[in-house]
1. If we scan segment 85-97, do we find a residue that is surrounded by fewer than 22 Cβ atoms within 10 Å (Cβ to Cβ) and either among the aromatic types (Phe, Trp, Tyr) or over 23 Å from GLY42 (Cα atoms) (or both)?
2. Search segment 23-42 for residues being over 16 Å from ASN99 (Cβ atoms) and at pLDDT 95 or above, and hand back the single one that is most open to solvent (accessible area, probe 1.4 Å).
3. Taking the condition surrounded by 20 or more Cβ atoms within 10 Å (Cβ to Cβ) and either in contact with a helix residue (DSSP H, G or I) (Cβ under 8 Å, 6 or more places away or on another chain) or within 17 Å of LEU18 (Cβ to Cβ) (or both), does SER62 pass?
4. Starting from residues that are under 11 Å from the mean Cα position of the chain (by Cα) and not small (Gly, Ala, Ser), keep the ones in segment 6-29 and report whichever is farthest from ASN76 (Cα to Cα).
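The values are calculated or read from the model by the stated rules, or taken from the named source; none is laboratory data. The model shown is predicted, which means the values in this text are computed figures rather than measured ones. Note that each Cβ is placed from the backbone with ideal geometry, even for glycine, and that neighbours are counted across all protein chains shown. Keep in mind that these areas ignore ligands, DNA and RNA; they rest on the heavy atoms of the full protein, side chains included. Shrake-Rupley method; radii C 1.70, N 1.55, O 1.52, S 1.80 Å.
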Amino acid sequence: QVQLVESGGGLVQAGGSLRLSCAASGRTISDYSMGWFRQAPGKGREFVAGITVGGSIQYADSVKGRFTISRDNAKNTVWLQMNSLEPEDTAVYSCRARNHPVLMIAANAYAYWGQGTQVTVSS
């Protein structure tokens, strides 16, 4: 079992930045592909960014050039640096873990996920 806890969300003005953290426990995430997802009110869950075991990275088109995903297996932590935030980025952000080297953009491909952290961007 992998337990994931996200933190770092909050209220920020448009153009601002936030850094989300996803701390894992229970098992080392070194064998897990990790993904960040978000869900806005009234909308479905959306893939934001992912990083594989080998360090390959994928971003949703909507966040390319603004968000950066990174991981430190020694710290069992994954981060999502979010810059140039827009009101459309407002959502609950959660991280997910998949015990497979291949990254997937479907949330249901991940076996573990956290409760999420709220990000609100005001205009």
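1. No, because not a single residue in segment 85-97 is surrounded by fewer than 22 Cβ atoms within 10 Å (Cβ to Cβ) and either among the aromatic types (Phe, Trp, Tyr) or over 23 Å from GLY42 (Cα atoms) (or both).
2. Going residue by residue through segment 23-42, those that are over 16 Å from ASN99 (Cβ atoms) are 23, 36-42.
In the following step, the residues that additionally are at pLDDT 95 or above were identified as 23, 36-40.
Values: ALA23: 47, TRP36: 1, PHE37: 2, ARG38: 18, GLN39: 70, ALA40: 24 Å².
Among them, the one singled out is GLN39.
3. Details: surrounded by 20 or more Cβ atoms within 10 Å (Cβ to Cβ): no; either in contact with a helix residue (DSSP H, G or I) (Cβ under 8 Å, 6 or more places away or on another chain) or within 17 Å of LEU18 (Cβ to Cβ) (or both): yes.
Criteria not met by SER62.
4. The selected residue is ARG19.
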